Amino acid sequence: MDISSVLQGGYQHPLSRKWQAKRSLTKEMLMYPIFITDDPDAQVDIPSLPGQSRWGVNKIEGFLGPLVKKGLKSVILFGVPLTCEKDPRGTPADDPQGPVILAIKLIRKLFPDIYIATDVCLCEYTSHGHCGILHEDGTINSTPSAARIAEVALSYAKAGAHCVAPSDMMDGRIKAIKRALIDNGFGNKCTLMSYSAKFASSLYGPFRDAAGSAPSFGDRKCYQLPPNAKGLARRAIQRDVGEGADIIMVKPAMPYLDIIADAAQLAPDYPLAAYQVSGEYAMIVAGARAGVYDLKTMAFESIEGIIRAGCTLILTYFTPQFLDWLDE
């Protein structure tokens, strides 16, 4: 056998196998998505998202406290309004008494070292369930949509969010949010994480159950990216870098590892995030329950693939398990 053909000597030991990674998963790389509802005492399990719940603000301390002790570093908050009166503009999105703003303030008080990101979108709060403001014919009106989303993002920053993360995919919303943050004194106080390459995916089903955010008509394919659109994804990444994003995100993760790798090349000087979305998580859990593989082994494999593609930040519902697994 030729000398250059022998590779196994370099990974024959468990420790030397770990050395093959350019970057390894750490607790600092994990961001936990959590659902905050407007019933302050709620703890409601989500059947399609096993192990996850909707939480009321009165339950946050008991829920997050044990995770913080295990090393939880960051969360991203999703509001789940169940009792508010929704309207076409998504007025409840930045209600000072709404679940997101109340949760930001409470977490800042209870756990001052936790990094708080907030999803910024209108779909959970609009009467039509779409992510922006509509024309009379039901199509997206981009300019007022971006302006409204910037208002919501600024409200979250004022409440104490360390990071605002618009998931709406409206054109121009990164520039609008960045301008609003700068003009109001938050340009150097609040991170802007863009869902730059967010695809119109079938893997969002459990999330829509969790957040109650399914559109009342039509779909979101006119503003989320087509799954085959590699060029559009690259253009969206470059656009958002130019408009002032501080972090770039790709969503979902596993079917779009090539896009993650593209993002790492297009924006090499930026933190790169990936969202392992609800359907990815639910599939991995279902496969483990069916005996297809071991849950922990497959969860690590899925995340290691995302990191290998270039990510430095992972949004995943497996965060609580990883906090335990990384200590083993």
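A short reminder: the numbers here are calculations on the coordinates, not readings from a lab. Note that the structure is predicted; figures quoted are calculated from it, not measured. Glycine gets a Cβ as well: all are built from the backbone with ideal geometry, and neighbour counts include every protein chain shown.
Taken about its Cα centre, the range 271-328 carries a charge dipole of roughly 180 debye when the Cβ of each Lys and Arg holds +1 and the Cβ of each Asp and Glu holds -1. Computed from phi, the 3J(HN,Hα) profile of the range 88-98 under the Karplus parametrisation 6.51, -1.76, 1.60 (θ = phi - 60°) reads x, 9, x, 3, x, 4, 10, 4, x, 9, x Hz, with x in place of Gly and Pro. The alpha carbon convex hull volume per residue for the range 12-82 rounds to 125 Å³. Positive-end ranking of Ile182, Phe322, Ser196 along the dipole of the chain, with charges on Cβ about the Cα centre, is headed by Ile182. An ellipsoid equivalent to the range 79-234, defined through the eigenvalues of its Cα gyration tensor, has semi-axes of 24, 18, 16 Å when rounded to whole angstrom and sorted largest first. Rounded to the nearest 500, the helix-only mean residue ellipticity at 222 nm of the chain stands at -11000 deg cm²/dmol, with each DSSP H run of n ≥ 4 adding -39,500 (n - 2.57). When you filter the trypsin sites (Lys or Arg not before Pro) in the range 69-159 for DSSP loop state and at most 15 other Cβ atoms inside 10 Å of their Cβ, you are left with Lys70. Between helix 230-243 and the chain there is an angle of about 60 degrees, using the helix long axis and the longest principal axis of the Cα atoms. Counting only Cβ charges, +1 for Lys and Arg and -1 for Asp and Glu, the dipole size of the chain around its Cα centre is about 620 debye.
Here the contact order of the range 250-292, divided by its residue count and restricted to Cα pairs under 8 Å and six or more residues apart, works out to 45 percent.
Among residues other than Val57 with Cβ under 15 Å from its Cβ, the summed charge is 0 (Lys and Arg +1, Asp and Glu -1). Annotation: amide H of Val120 within the under-5 Å range of Ala165, Ser167, sequence separation 5 or more or interchain, hydrogens built in the peptide plane.
With unit charges on the beta carbon (Lys/Arg positive, Asp/Glu negative), name the residue among Leu110, Met170, Ser145 whose Cα is farthest towards the positive pole of the charge dipole of the range 28-171. Toward the positive end, the furthest listed residue is Leu110. A DSSP coil position with no more than 13 other Cβ atoms inside 10 Å describes the following GluC sites (Glu not before Pro) in the range 91-179: Glu136. Tally Lys/Arg at +1 and Asp/Glu at -1 over every other residue whose Cβ is under 12 Å from the Cβ of Leu82; what's the total? Here the charged neighbours net out to -2.
Once backbone amide H atoms are built at 1.01 Å from N, Tyr32 has Ser74, Val75, Ile76 as its partners under 5 Å, excluding neighbours fewer than 5 places away on the same chain. For the chain, the relative contact order is 17 percent, taking Cα pairs closer than 8 Å that sit 6 or more residues apart in sequence and dividing their mean separation by the residue count.
Using the Cβ of Lys73 as centre and a radius below 13 Å, the other residues enclosed give a net charge of +1, where K and R count +1 and D and E count -1.
Computed from Cα positions, the angle between helix 278-289 and the longest principal axis of the chain comes to roughly 40 degrees. The distance from the alpha carbon centre of the range 239-256 to that of the range 146-161 is 19 Å, rounded to a whole number. Our summary gives the range 48-158 a relative contact order of 28 percent, counting only alpha carbon pairs under 8 angstrom and 6 or more residues apart. Would you mind checking the tilt of helix 142-159 against the longest principal axis of the Cα atoms of the chain, expressed as 0 to 90 degrees and rounded to 10? Between the helix axis and the principal axis of the chain, the angle is about 80 degrees. Please compare each pair in Lys59/Lys109; Lys69/Lys189; Lys105/Lys189; Lys230/Lys296 to a cut-off of 20 Å on the Cα-Cα distance and tell me which ones are over it. Among Lys59/Lys109; Lys69/Lys189; Lys105/Lys189; Lys230/Lys296, the Cα-Cα distance tops 20 Å for Lys69/Lys189; Lys230/Lys296.
Placing +1 on each Lys and Arg Cβ and -1 on each Asp and Glu Cβ, with no other charges, gives the range 35-134 a dipole about its Cα centre of roughly 460 debye.
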